[in-house]
Amino acid sequence: MPFPLLKNDNFLRAARGESTPFVPVWLMRQAGRYLPEYRATRSKAGSFLALAKNPAYATEVTLQPLDRYPLDAAILFSDILTVPDAMGLGLAFENGEGPCFARPLQDEASIRALCVPDMESLRYVFDAVHSIRMALNGRVPLIGFSGSPFTLACYMIEGRGSDDFARTKKMLYGRPDLMAHILEINQQTITEYLNLQVTSGAQALMIFDTWGGALTEDAYLRCSLAPMQKIVSALKARHPDIPLITFTKGGGAWLHHSTDAQVRGLDWGLSLGRARRLFAQETAPPLALQGNFDPHILSAGDLAINTEVARIANDWKTGDVANAPSGWIFNLGHGISQFTPPEAVATLVNAVHQIKC
């Protein structure tokens with residue numbers, strides 16, 4: 001059955017560097033705990049994993065923010081850690097503690113045994129992508145995603161979140177051969193995982209490099225950027241019409257070292273105007289930038305939200321120089337907080353759609 005025709009293509013047009021009648025906007029983690037309807041569905045599912053692994057529930061929560069706000073893209077409801085879970089590491093979410101793995105990669109034998117999983121173990125993700133695409137009925141495009149090879153490696157080695165990634169860095173410098181094996185397996189897995197999201201219905205893809213910013217510049221180039229670039233190159237060859245977004249949290253200092261994805265995401269640490277001017281000096285700048293509102297401002301009231309949107313819009317215009325990226329997708333500089341008032345998102349989206357660029 002063919003997918004319904006797309007009615008709002010402004011996100012895709014901006015990603016291609018084309019002009020749009022208004023600045024398109026979507027939000028990282030836009031389906032989440034700040035929405036009471038999401039909390040109700042999660043309660044009905046029984047747990048986060050039960051929610052994420054059920055295509056019907058994943059479809060329901062993906063559409064919830066679109067029913068509230070005139071957002072310009074949907075993003076698959078899932079989690080970056082479904083990939084290492086499929087590798088047999090045993091993912092669980094502990095109350096108040098976040099994700100953890102029962103079998104982290106903390107000895108050589110387990111690392112050497114790591115291999116690309118059977119993609120059928122992730123069938124629930126691909127089924128959700130297809131289900132969401134059909135349920136959207138052409139309302140807006142659907143974004144698929146994955147964590148970056150290095151970001152996944154951090155969780156796989158530490159076994160959970162970390163403040164300093166001490167185990168990961170010990171392996172990176174002490175046993176670079178083991179780290180290289182993990183990154184290679186992750187890279188191969190993510191490439192096929194994202195490829196199958198496209199064949200299931202995803203219309204754009206994003207790679208979340210959440211922890212690349214924890215590295216030195218040299219380690220970032222070797223362990224984060226290089227495997228991401230291999231993924232981007234492989235996917236562009238297979239799906240040249242599918243926009244790719246790469247995002248390294250805390251990576252503004254290395255903006256001149258970046259993948260050749262069509263869209264580069266920015267956190268709030270670097271201004272959009274400066275980023276445009278920096279990329280204008282490159283021989284092959286990205287077509288678009290995505291970002292970069294600090295999500296905590298959503299809790300500061302309507303005046304603060306409107307003021308910051310206007311400031312970012314003016315900053316974007318300062319980068320309007322020859323060869324600069326011409327497309328702009330408004331987003332947060334990181335995921336939305338669970339404590340965000342839902343009405344603040346309405347204020348934000350309305351302000352963005354009134355930007356004159």
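The values are calculated or read from the model by the stated rules, or taken from the named source; none is laboratory data. Model, not experiment: these values are computed from the prediction. Positions of Cβ are generated from backbone atoms using ideal geometry, with glycine treated the same way; all protein chains shown enter the neighbour counts. Remember, those area values only see protein heavy atoms, side chains included, never the ligands or the DNA or RNA. Shrake-Rupley method; radii C 1.70, N 1.55, O 1.52, S 1.80 Å.
Quick grid of which residues meet (1) out of contact with any strand residue (DSSP E or B) (no Cβ under 6 Å at 6 or more places or on another chain); (2) surrounded by 17 or more Cβ atoms within 10 Å (Cβ to Cβ):
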site	(1), (2)
ASP218	yes, no
ILE231	yes, yes
HIS256	yes, no
ALA280	yes, no
THR283	yes, no
PHE293	no, yes
Matching residues, segment 1-20, being open to solvent by less than 50 Å² (accessible area, probe 1.4 Å) and polar (S, T, N, Q): ASN8, ASN10, THR20
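Just wondering, is there one or more residues in segment 126-146 that are open to solvent by less than 10 Å² (accessible area, probe 1.4 Å), over 25 Å from LEU71 (Cα atoms) and out of contact with any His (no Cβ under 6 Å at 6 or more places or on another chain)?
Looking through segment 126-146, none of the residues is open to solvent by less than 10 Å² (accessible area, probe 1.4 Å), over 25 Å from LEU71 (Cα atoms) and out of contact with any His (no Cβ under 6 Å at 6 or more places or on another chain).
Does segment 148-186 hold any residues that are assigned to a helix (DSSP H, G or I) and of a type in the set (Lys, Arg), and which are they? Explain how you work it out, then say what you get.
Here is the first cut: in segment 148-186, the ones assigned to a helix (DSSP H, G or I) are 149-158, 166-174, 176-186.
Passing the criteria: ARG167, LYS169, LYS170.
What number of residues within segment 21-52 are part of a loop (DSSP other than H, G, I, E, B) and either in contact (Cβ under 8 Å) with a residue 40 or more places away in the chain or open to solvent by less than 10 Å² (accessible area, probe 1.4 Å) (or both)? Give the derivation first.
In the first step, residues of segment 21-52 are kept if they are part of a loop (DSSP other than H, G, I, E, B); the result is 21-24, 26-35, 46-47.
Still in the running and either in contact (Cβ under 8 Å) with a residue 40 or more places away in the chain or open to solvent by less than 10 Å² (accessible area, probe 1.4 Å) (or both): 22-24, 26-35, 47.
Within segment 21-52, residues that are part of a loop (DSSP other than H, G, I, E, B) and either in contact (Cβ under 8 Å) with a residue 40 or more places away in the chain or open to solvent by less than 10 Å² (accessible area, probe 1.4 Å) (or both) number 14.
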Considering only segment 342-352, how many residues are open to solvent by 20 Å² or more (accessible area, probe 1.4 Å) and in contact with a Leu (Cβ under 7 Å, 6 or more places away or on another chain)? 1
For segment 60-116, the count of residues that are open to solvent by 30 Å² or more (accessible area, probe 1.4 Å), of a type in the set (A, V, I, L, M, F, W, C) and more than 23 Å from ARG160 (Cβ to Cβ) equals 1
So, in segment 314-340, exactly how many residues are surrounded by 18 or more Cβ atoms within 10 Å (Cβ to Cβ) and within 26 Å of TYR34 (Cα to Cα)? 9
Taking segment 255-273 as the search range and keeping residues that are touching a residue at least 24 places away in the same chain (Cβ under 8 Å) and among the hydrophobic types (A, V, I, L, M, F, W, C), which one is farthest from ALA219 (Cα to Cα)? LEU272
Name the single residue that is surrounded by the fewest Cβ atoms within 10 Å (Cβ to Cβ) among those in segment 200-216 being in a loop (DSSP other than H, G, I, E, B) and touching a Leu at 6+ places or on another chain (Cβ under 7 Å). GLY201
So which strands (runs of 3 or more DSSP E) stay within segment 224-320 end to end and still have 2 or more residues that are aliphatic (A, V, I, L, M)? 244-248, 288-293
Is it the case that some residue within segment 163-185 is open to solvent by 10 Å² or more (accessible area, probe 1.4 Å), free of Cβ contacts under 8 Å to residues at least 60 places away in the same chain, within 18 Å of the chain's Cα centre (by Cα) and more than 20 Å from GLY335 (Cα to Cα)? no
